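Taken together, the values in this text are just the output of simple stated rules run on the coordinates, not laboratory data. These figures come from a predicted structure and were not determined experimentally. Virtual Cβ from ideal backbone geometry, glycine too; neighbours counted across all protein chains shown.
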Amino acid sequence: MINRKKALKKLYIYIGLLVCSAVLILPFLWVLSTSLKADGQIFAIPPQFIPESLHWENYSLVFQRMPFLTYFLNSTFITVVSIIGTVLSSSMVAYAFACLRWPGRDGVFILVLATMMLPMQVTMIPVFVMFKDLGWLNTFKPLTVPAFLGGGAFNIFLLRQFFLTIPPSLLDAARIDGCSEFRIYWNIVMPLAKPALATVAILTFLFTWNDFLGPLIYLSDQLKGTLALGLAMFTGQHQNEWGPLMAASVLMMAPIIIIFFMFQKYFIQAFTSSGIKG
């Protein structure tokens, strides 16, 4: 009887998860379906989820109507550099907060967390003026250099919580053997923190790849635009051509889906283990 109740409970959980998954994945499937439809099928009543014929020319129109490859390369460059800078800088700061002992450490950490309460709109104008004075406008520097200056309070917090799960005795043994702090950080802590580092990389990828406001503020040259900015411009210029617009949306979402499924196990593992100690 007990086993039957457990089986029914699992069955209800799986059914609930399947329903939630279907609700979440339905918009993407609709976008994918619309990207392969002719204009007359998109607003047909009743709606046709499966296209009568596949119109792959919608994807070719994307490359004809906008410099998609240029935007893709710009987004890739900015995203890769931001991921490298964020992972390196946030892990170094987190290592200092989790594994080193120095006066005022906890107070400074609280101050770093307090910066998360500042909306971006509060610092947007001062930061813009600063980059203007540096002569960085219409370059990729405002979108990449800040990633090397700490990596963000949330990333620091996530990595610090994960670093705290590493036994201090392991680090002390390395110090006794004569390892420098940088070697301990690079050869011991970083390999053990792969799930957390992968999570930071995924979150940085999602934010940078989808970032619209940053390129809009700092980039004025159209050929330096990113995919998010190019998609918005495509919407304004070709708002009635829903097929090519949805095709452009699918092409922009495809790298996100691929990256997430490749590293999802690290993503889940980091969040389930980062709150064990702290």
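Once you compute Rg and the Kirkwood Rh from C-alpha atoms, what is the Rg to Rh ratio for the stretch 19-69? Show your work: numbers first, answer last.
Values: Rg = 13.0 Å, Rh = 12.3 Å.
In the stretch 19-69, Rg relative to Rh is 1.06.
How far is it, in nm, from the label point at residue 57 to the one at residue 130 when both lie 7 Å from their Cα along the line to the Cβ?
With each label point 7 Å from Cα toward Cβ, the separation is 5.1 nm.
According to a simple spin-label model (label point 7 Å from Cα along Cα-to-Cβ), what is the distance in nm between residue 101 and residue 192?
It is 1.7 nm.
Based on the alpha carbons, how large is the Rg to Rh ratio for the chain when Rh follows Kirkwood? It would help to have the intermediate numbers written out before the result.
On the way: Rg = 23.4 Å, Rh = 22.1 Å.
Value, to two decimals: 1.06.
Could you run the Karplus curve 6.51 cos²θ - 1.76 cosθ + 1.60 with θ = phi - 60° over the stretch 89-106 and give me ³J(HN,Hα) per residue in whole Hz, x for Gly and Pro?
For the stretch 89-106, the Karplus curve yields 6, 5, 5, 5, 5, 5, 4, 5, 7, 9, 10, 10, 10, 8, x, x, 4, 5 Hz.
Based on the Cβ-Cβ distance from residue 113 to residue 139, what FRET efficiency comes out when R0 is 35 Å, to the nearest 0.05?
0.65
Under the definition of Cα pairs under 8 Å and six or more residues apart, what whole-number percent is the relative contact order of the chain?
On the way: 272 pairs, mean separation 87.6, N = 278.
Computed value for the chain: 31 percent relative contact order.
Give the lysines whose C-alpha is closer than 17 Å to that of residue 194, dropping any in the same chain fewer than 8 places away, or say none.
Excluding near neighbours in sequence, the set is 265.
HN-Hα J couplings of the stretch 176-191 from phi, Karplus 6.51/-1.76/1.60, θ = phi - 60°, integer Hz, Gly and Pro as x?
For the stretch 176-191, the Karplus curve yields 5, 6, x, 6, 6, 5, 5, 5, 4, 4, 7, 9, 10, 6, 4, x Hz.
Calculate the spin-label point distance for residue 212 paired with residue 6, positioning each point 7 Å from the Cα along the beta-carbon direction, and give it in nanometres.
The answer from the label model is 4.9 nm.
Skipping prolines and chain starts, which residues have an amide H placed within reach, meaning under 5 Å, of the one on residue 37, given they are 5 or more residues away or on another chain?
Those qualifying (amide H under 5 Å, at least 5 residues apart or on another chain) are 55.
Through the Karplus equation 6.51 cos²θ - 1.76 cosθ + 1.60, θ set to phi - 60°, convert the phi angles of the stretch 127-132 into ³J(HN,Hα) values in whole Hz; use x for Gly and Pro.
So the Karplus estimates, Gly and Pro as x, are 5, 4, 4, 4, 5, 5 Hz.
For the ranges 12-21, 222-231, 49-58, 144-153, what's the packing order if you count other beta-carbon atoms within 10 Å of each residue, average per peptide, and put the highest first?
Working: 12-21: 10.0, 222-231: 20.7, 49-58: 13.4, 144-153: 18.3.
In decreasing order of mean packing, 12-21, 222-231, 49-58, 144-153 become 222-231, 144-153, 49-58, 12-21.
Using the beta-carbon distance between residue 233 and residue 183 and R0 = 45 Å, what value does 1/(1 + (r/R0)^6) give for FRET efficiency, to the nearest 0.05? Please list the in-between numbers first.
Values: r = 48 Å, r/R0 = 1.07.
Computed FRET efficiency for residue 233 and residue 183 comes out at 0.40.
Would you list the P(r) distribution for the stretch 1-124, with all Cα-Cα distances sorted into 10 Å bins from 0 and each bin expressed as a whole %?
In whole percents, the pair-distance histogram is 9, 16, 18, 21, 23, 12, 2.
What's the extension gain from residue 258 to residue 17 if we count 0.36 nm per residue and subtract their Cα-Cα distance? Numbers along the way, then the final one.
Working: separation 241, 0.36 × 241 = 86.76 nm, distance 2.15 nm.
Length gained between residue 258 and residue 17: 84.6 nm.
Using a Förster distance of 22 Å, how high is the FRET efficiency between residue 73 and residue 32, based on the Cβ-Cβ distance and rounded to 0.05?
Numbers: r = 24 Å, r/R0 = 1.09.
Efficiency for this residue pair is about 0.35.
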